[in-house]
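Asker: Sending over a structure as structure tokens; questions will come in a sec.
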Amino acid sequence: MELLNKKIGVLMGGMSSEREISIKTGMHIYNTLKESGYNAVTIDVGRDIARRLEEEKIDVAFIALHGKYGEDGTVQGLLELMGIPYTGSGVLGSALSMDKAASKEIFERHQISTPVYEVITKKDYEGGYTVMLDLPVVVKPVAGGSTIGVSIVMRADKLDEAIQGAFKHDNSVLIEKFVDGMLLTAGVLGDTALPVVEICPKKGFYDYESKYTAGMTEYFVPARISKKKIEECKRIALKCHRVIRCKGVTRTDMIMDTAQNIFVLEINTIPGMTETSLIPIAAKGVGIEFKDLVLKILEEAVK
């Protein structure tokens with residue numbers, strides 16, 4: 001498919017709690033396509049998305065959605081039904097990645113280390129469920145991103161507040177053993193691992209503010225770890241990409257403890273593409289500018 005002759009719809013916004021970031025990602029992609037001479041339009045995804053797609057008559061969809069109804073396989077299923085090629089993973093890979101409990105089960109099945117965890121439903125918790133893991137723990141919604149609803153709990157008297165906060169974003173909550181260590185992330189583009197990025201948030205916790213505010217986090221590309229560990233991170237990212245049935249671009253977030261054991265936290269099928277996002281930072285580390293990254297992602301969609 002000759003992309004210059006095709007109409008590209010950048011699907012953005014959406015109905016999740018990550019709407020604001022999705023718009024930033026989408027506009028960055030849209031502006032890049034327009035500046036590069038491509039016929040691109042923005043489509044704010046709502047309940048009327050099927051009608052909008054029919055009206056716009058796009059040839060390919062660049063999915064810049066984050067969270068529910070965008071990253072979980074639902075919009076991918078709609079695009080499949082309508083016969084519109086789209087960027088990123090398919091229905092299954094998207095759904096598995098979005099559900100942190102399901103993806104962790106698959107990681108375990110394939111001997112990919114991930115922190116010890118348990119899953120609580122709202123119904124069970126209201127019925128008197130007792131958390132089994134010892135503190136400290138990380139509490140997060142099972143389906144969600146951008147660190148929204150995520151807390152690190154160090155004291156027992158803060159646990160209920162953290163769980164209730166996570167339940168505001170999902171009916172299931174993941175309680176994960178806290179691993180103290182270095183935050184690392186490795187992207188995969190097609191079937192190639194990108195440079196490993198070391199993440200150093202200035203306030204310690206890599207939360208929403210640290211992710212999306214310029215200057216709040218320092219990044220090192222490549223990560224300041226041994227070549228052996230860099231290669232291990234890349235192998236893990238590629239393995240996660242494959243076992244979760246992903247396509248296009250993904251980003252696998254990891255943590256390396258003081259004994260240099262690497263644990264996978266999650267895999268993202270639609271990583272952010274803002275000025276402070278990790279995939280563009282990693283790609284730039286091997287000389288891939290943002291424009292070229294966008295086009296490579298598009299080319300993967302229409303192969």
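The values are calculated or read from the model by the stated rules, or taken from the named source; none is laboratory data. If you're wondering where the values come from, they're calculated on a predicted model, not measured in any experiment. All Cβ positions, glycine included, derive from the backbone under ideal geometry; neighbour counts span all protein chains shown.
Asker: Within the stretch 75-83, is even one residue β-branched (Val, Ile, Thr), in a helix (DSSP H, G or I), touching a residue at least 24 places away in the same chain (Cβ under 8 Å) and not assigned by TED's automatic domain parsing to the domain that holds Val294? Please lay out each step first, then the result.
Answerer: Keep residues of the stretch 75-83 that are β-branched (Val, Ile, Thr), which gives 75.
From what is left, the residues that are in a helix (DSSP H, G or I) are 75.
When the remaining residues are screened for being touching a residue at least 24 places away in the same chain (Cβ under 8 Å), the result is 75.
Pick out the ones that are also not assigned by TED's automatic domain parsing to the domain that holds Val294 and you get 75.
Checking the stretch 75-83: at least one residue is β-branched (Val, Ile, Thr), in a helix (DSSP H, G or I), touching a residue at least 24 places away in the same chain (Cβ under 8 Å) and not assigned by TED's automatic domain parsing to the domain that holds Val294.
Asker: Among the candidates Ile106, Ile112, Ile120, single out the residue that is more than 25 Å from Ile58 (Cβ to Cβ) and assigned to a strand (DSSP E or B). Before the answer, list the steps.
Answerer: Values: Ile106 fails: assigned to a strand (DSSP E or B); Ile112 fails: assigned to a strand (DSSP E or B).
Answer to the selection: Ile120.
Asker: A follow-up question, please. Can you go through Lys34, Lys122 and tell me which one is within 20 Å of Pro280 (Cβ to Cβ) and surrounded by fewer than 17 Cβ atoms within 10 Å (Cβ to Cβ)?
Answerer: Result of the check over Lys34, Lys122: Lys34.
Asker: Considering only residues that are surrounded by fewer than 19 Cβ atoms within 10 Å (Cβ to Cβ) and at pLDDT 95 or above, which ones fall in the stretch 3-12?
Answerer: Lys7
Asker: Restricting attention to helices (runs of 4 or more DSSP H) lying wholly within the stretch 222-302, give those where 1 or more residues are in contact with a Leu (Cβ under 7 Å, 6 or more places away or on another chain) and small (Gly, Ala, Ser).
Answerer: Here the list reads 278-284.
Asker: Return only the number of the condition from (1) of a type in the set (Val, Ile, Thr); (2) part of a helix (DSSP H, G or I); (3) surrounded by fewer than 17 Cβ atoms within 10 Å (Cβ to Cβ) that Thr130 does not satisfy.
Answerer: Going through the list (1) of a type in the set (Val, Ile, Thr); (2) part of a helix (DSSP H, G or I); (3) surrounded by fewer than 17 Cβ atoms within 10 Å (Cβ to Cβ), Thr130 breaks only (2).
Asker: So, in the stretch 133-146, how many residues would count as being closer than 17 Å to Ser103 by Cα, assigned to a loop (DSSP other than H, G, I, E, B) and either modelled with pLDDT of 95 or more or hydrophobic (A, V, I, L, M, F, W, C) (or both)?
Answerer: Residues in the stretch 133-146 being closer than 17 Å to Ser103 by Cα, assigned to a loop (DSSP other than H, G, I, E, B) and either modelled with pLDDT of 95 or more or hydrophobic (A, V, I, L, M, F, W, C) (or both): 1 in total.
Asker: Of the residues Asp157, Asp191, Asp170, which single one is closer than 20 Å to Ser94 by Cα, among the acidic types (Asp, Glu) and not assigned by TED's automatic domain parsing to the domain that holds Lys296?
Answerer: Criteria check complete, one pass: Asp170.
Asker: Out of (1) surrounded by fewer than 17 Cβ atoms within 10 Å (Cβ to Cβ); (2) over 20 Å from Gly73 (Cβ atoms); (3) at pLDDT 95 or above, the odd one out for Arg242 is which?
Answerer: Tallying (1) surrounded by fewer than 17 Cβ atoms within 10 Å (Cβ to Cβ); (2) over 20 Å from Gly73 (Cβ atoms); (3) at pLDDT 95 or above, Arg242 fails exactly one: (2).
Asker: Also, quick follow-up: Go through (1) surrounded by fewer than 20 Cβ atoms within 10 Å (Cβ to Cβ); (2) assigned to a helix (DSSP H, G or I) and name the single condition Ala162 misses.
Answerer: Condition (1) is where Ala162 drops out.
Asker: Same structure, new question: If you scan the stretch 20-63, which residues turn out to be of a type outside the set (A, V, I, L, M) and either in contact (Cβ under 8 Å) with a residue 40 or more places away in the chain or assigned by TED's automatic domain parsing to the domain that holds His169 (or both)?
Answerer: Within the stretch 20-63, Ser22, Lys24, Thr25, His28, Thr32, Glu35, Ser36, Glu56, Lys57, Asp59, Phe62 meet the criteria.
The rows are residues; the columns are (1) in a helix (DSSP H, G or I); (2) crowded, with 17+ Cβ neighbours inside 10 Å.
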site: Ile29; (1), (2): yes, yes
site: Glu54; (1), (2): yes, no
site: Ile58; (1), (2): no, yes
site: Lys68; (1), (2): no, yes
site: Ser89; (1), (2): no, yes
site: Leu92; (1), (2): yes, no
site: Ser97; (1), (2): yes, yes
site: Ala101; (1), (2): yes, no
